[in-house]
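Heads up, the thing below is written out as structure tokens.
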Amino acid sequence: MLKKLIQEIHRRSLWQVLAIYLGASWLVLQAVDTLAGALSLPEWAPPLALFLLIVGFPIVLATAFVQEGMSRESSAAAGPRPEGSSERGDEGRVGTAADGGEPARTAAAAPAERADGAHHKIFTWRNVAIGGLASLALLGLLTAGYMTMRTLGIGPAATLVARGVLEERATIVLAEFDSRTGDSLLARAATEAFRIDLSQSDAVRVADPAFLSQALRRMQRGPDTELDYELAREIALREGVAAIVDGDINSAGGTYVLAARLTSAETGEELAAFRETARDSSEIVPAIDKLSRKLRERIGDSYRSLRADEPLAKVTTNNLEALRKYSQAVRAIESSNDASRGIALLEEAIALDPEFAMAYRKLGVELNNQGANRGRAVEAIGMAFEYRDRLTERERYLTMATYFSQVSGDRDRAIAAYQNLLDLDPDDTWALNNLGAIYMSVRDFERAEELFERAIRADSSSGLHYQNSQVSLLGQGKFDEAEALLRAQHERFPSNPSHRLLLAGLAGARSDYDQVESELRAMIEETRTLPVFSSQAKFGLAAALAARGRLEEAEALRSDAARANEERGVAGSLLGGVLGGAAIDLVVHGDTAQAVRSIDRALESYPLDAMPVLDRPYLQLAAFLAFAGDPQRARELWEEYEAEVDPELRGDDESARHLVLGSIALAERRYEAAVEELRRADVGGCTTCTLYPLAVAYESAGAPDSAVATYQRRITRPDPFRLFGDQGTVALSHERLGQIYEERGDWEKAAEHYARYVDLWKDADPELQPRVEAAQRRIDLLFAERG
């Protein structure tokens with residue numbers, strides 16, 4: 001192949017050869033750039049390839065000149081010859097003349113011939129081809145050697161993670177930059193810019209504001225205390241954080257010198273330090289970008305994550321900095337799953353552009369997704385809706401759909417808006433994802449799965465599409481497909497802190513509570529410095545423990561998570577936590593008086609009238625009180641909800657409304673009405689949440705067959721949110737089915753359900769063990785009697 005290539009080049013002119021070289025060089029640079037992105041090669045690999053190609057250019061040029069000259073000489077020497085003349089003639093003779101021809105070459109010309117011959121031997125296309133291949137091989141060897149040393153922690157290329165100095169995904173505390181210029185605003189801006197850059201790291205996590213605020217509170221410091229190096233190190237030592245990043249800004253003669261350091265919290269040893277210079281204040285942010293990239297490279301970030309920033313989002317705003325904040329927020333939420341950081345960035349974007357409709361919309365959506373501060377969420381989406389006429393057609397449809405689905409609860413109009421958006425662009429991932437979420441809310445999981453798959457094909461860079469697709473698969477009972485998708489998601493997003501929560505959700509859907517507990521305990525340990533994820537794990541583990549009758553430990557976890565949420569500004573978290581615990585007391589223990597006392601104490605500490613109207617848990621409290629046998633108080637709360645909450649702002653409250661009315665009817669012994677309302681409450685994304693009270697209503701109404709079928713559905717119906725919706729009712733359904741089947745004389749089914757009940761609650765709290773022991777005795781008796 002090489003020989004054929006050389007022969008082909010020999011037949012080309014000088015300009016053709018140069019064109020071939022330039023074209024080949026472009027292809028090589030494209031290949032190197034593609035490999036650099038795909039394989040996370042170091043940033044110097046493409047520039048080194050360019051340097052080698054530039055060095056090769058004059059060599060190719062010289063070779064082309066020499067070879068073209070040789071061709072001309074050969075053509076001239078060949079000249080017109082008489083027929084029958086010798087091809088060789090007197091070639092090689094020195095000091096003689098051919099008879100009747102040109103004089104022979106003299107001995108004095110021999111050195112020049114030898115020099116010319118040497119050039120011909122050096123500047124050959126064979127040598128050029130061999131040299132080019134050798135250069136590419138050298139580039140490959142240098143890159144492979146550097147990457148190997150970096151990965152294995154050898155030599156100066158080694159990263160801190162590879163050397164074992166820092167654990168992968170370790171948390172670091174970022175201290176405020178020290179401005180020795182006297183400009184405190186400059187220091188704050190530098191610190192925030194550095195925080196944003198470091199938050200994109202795939203090697204470490206930056207301790208978020210909620211974590212720092214809690215640590216400061218435990219130190220009896222105000223949450224706004226300036227975080228200098230000494231305070232940052234004390235927090236790191238207290239909280240078990242490995243390292244601190246700090247920096248300073250100095251000015252001299254109009255220029256700025258910026259320095260950043262990574263320091264061990266335990267020893268104070270400087271692990272890495274870098275310096276950059278900015279010629280004026282306008283170059284400070286680019287200098288910080290360079291500093292953060294150097295620090296992230298030394299820590300162990302992949303080179304892929306250090307590439308040039310992604311393009312900014314295409315949304316309407318006249319403020320470039322607000323657009324940057326918005327784009328960073330979207331990446332934090334959808335790629336890094338860091339909702340807390342995303343919400344903070346969206347609020348900063350809105351502060352920069354108070355008419356930034358798409359930032360308002362995204363803020364409201366994320367607050368709703370977090371179950372936090374519905375009042376703030378509705379206000380934000382309402383602001384976006386108010387500014388919709390200033391938006392592009394795509395943005396306007398998206399904003400309208402969000403308002404109809406999350407504020408007014410008009411599902412049909414929301415679907416129509418998303419369909420209009422997909423008519424404009426069938427691959428609009430936000431429309432695909434959000435329309436899929438609406439179909440999940442009406443339990444059309446198959447159509448939702450199709451939409452999420454389209455979203456993944458259109459944009460695989462968002463973990464949100466994978467996560468929602470998994471939920472749609474769980475809703476259909478496709479557990480193996482959900483597991484395969486979860487593996488693919490983890491390969492695509494290996495640093496996603498909620499991965500274990502997704503694993504626990506899959507295990508919960510399979511009723512594998514041992515794996516649920518294992519995954520969530522590990523997640524709690526891994527996310528100690530990430531309060532949002534830690535709270536999610538604690539709530540999930542509390543639900544799993546309640547499902548197994550371990551109510552005391554579940555209550556402690558629920559209270560801890562609720563307290564953490566309240567501290568980071570999630571309105572009503574503590575009241576919600578108490579309500580959840582009281583509901584379990586009521587359903588599992590049947591201790592109505594104790595459950596109501598818990599709620600009354602909580603309402604004294606957190607009165608409803610002190611909360612924003614949209615954050616008051618009217619419907620949850622009303623359903624609880626009705627189920628506790630106090631329909632009068634439940635009806636009063638219902639009427640207050642109807643009077644205080646604007647129907648336009650209630651969202652999708654269909655299931656909750658019917659649950660309240662059904663619970664009131666059940667407490668008032670209007671059993672047929674209770675059954676009707678509770679059947680109408682069986683809607684929404686949680687497919688099993690209202691089945692237990694419905695089964696109880698069927699029993700009260702004298703419809704035992706319907707009760708049995710409903711208890712069975714509570715146990716067997718696929719539910720993507722089974723982990724959070726169980727709260728002990730699966731075990732109670734098994735217990736009740738065992739009793740009903742025993743009363744009917746169906747010993748086999750009775751023993752089966754008793755056995756499942758015993759297995760679920762074998763490690764339950766001591767006060768529940770008498771019930772477990774009674775079920776075990778029934779099993780023993782059934783076997784003794786029936787064999």
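The values are calculated or read from the model by the stated rules, or taken from the named source; none is laboratory data. From a predicted model like this one, the values you see are computed outputs, not experimental measurements. Every residue, glycine among them, receives a Cβ derived from its backbone with ideal geometry; neighbour counts consider all protein chains shown. Note: accessible area is taken over every heavy atom of the protein model, side chains too, but ligands, DNA and RNA are not part of it. Shrake-Rupley method; radii C 1.70, N 1.55, O 1.52, S 1.80 Å.
Overview of results
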| item | result |
| --- | --- |
| Packing-based order for 24-30, 552-558, using average beta carbon neighbours within 10 Å, highest first | 552-558, 24-30 |
| Order of exposure, largest accessible area first, which applies to D228, D746, D197 with probe 1.4 Å | D228, D746, D197 |
| Among 689-702, 241-254, the order from most to least packed when residues are scored by Cβ within 10 Å on average | 689-702, 241-254 |
| Anisotropy class of region 149-283 from Cα gyration tensor, a/c 1.5 cut | oblate |
| Cα-projected label distance for L50 with A24, points at 7 Å along beta-carbon direction, nm | 2.1 nm |
| Debye intensity ratio in log₁₀ form over the Cα atoms of the chain, taken at each q of 0.11 Å⁻¹ | -1.30 |
| Exposure rank, largest accessible area first [E379, E347, E672; 1.4 Å] | E672, E379, E347 |
| Beta bridges per DSSP with both ends in the chain, % antiparallel, nearest 5 | 70 percent |
| Cα centroid separation, region 749-787 to region 573-646 (Å) | 34 Å |
| FRET efficiency, Q220 to V285 (Cβ-Cβ, R0 41 Å, nearest 0.05) | 0.70 |
| Helix-only [θ]222 nm of the chain, DSSP H runs n ≥ 4, -39500 (n - 2.57) each, per residue, nearest 500 | -21000 deg cm²/dmol |
| For a label point 7 Å along the Cα-to-beta-carbon line of K749, residues of region 707-722 with backbone N under 12 Å | 707-713 |
| Cα pair count fraction exceeding 19 Å, expressed as % - region 427-535 | 47 percent |
| Gain on full stretching of the segment that runs from A610 to R390 - 0.36 nm per residue minus C-alpha separation | 75.6 nm |
| Label-point separation, S700 to L237 (7 Å along Cα→Cβ), nm | 6.0 nm |
| Solvent-accessible heavy-atom area per residue, rounded to whole Å², over region 226-300 at 1.4 Å | 46 Å² |
| Residue-level accessible surface for Y671, protein heavy atoms, 1.4 Å, Å² | 70 Å² |
| Per-pair calculated FRET efficiency, R0 = 25 Å: A522 and R563 via Cβ, rounded to 0.05 | 0.70 |
| Options S518, W761, P46, ranked by Cα towards positive dipole end of the chain, top entry (Cβ charges) | P46 |
| Area accessible to solvent at E676, 1.4 Å probe radius, in Å² | 90 Å² |
| Nearest-ten-degree value, helix 747-761 long axis tilted from longest Cα axis of the chain | 60 degrees |
| For region 548-597, average projected area of the Cα convex hull in nm² | 3.4 nm² |
| Listed pairs K538/K762; K314/K478; K294/K362; K290/K325 exceeding 25 Å between Cα atoms | K314/K478; K294/K362 |
| Cβ-Cβ FRET estimate between R597 and E672, R0 fixed at 35 Å, reported to 0.05 | 0.65 |
| In nm, spacing of pseudo-spin labels at A137 and E483 (7 Å Cα→C-beta vector) | 4.8 nm |
| Sequence of K325, K290 from largest to smallest accessible area, 1.4 Å probe | K290, K325 |
| Whole-number percent relative contact order across region 134-248, with pairs defined as alpha carbons under 8 Å at least 6 apart | 30 percent |
| Surface accessible to a 1.4 Å probe, V60 within the full protein complex, Å² | 10 Å² |
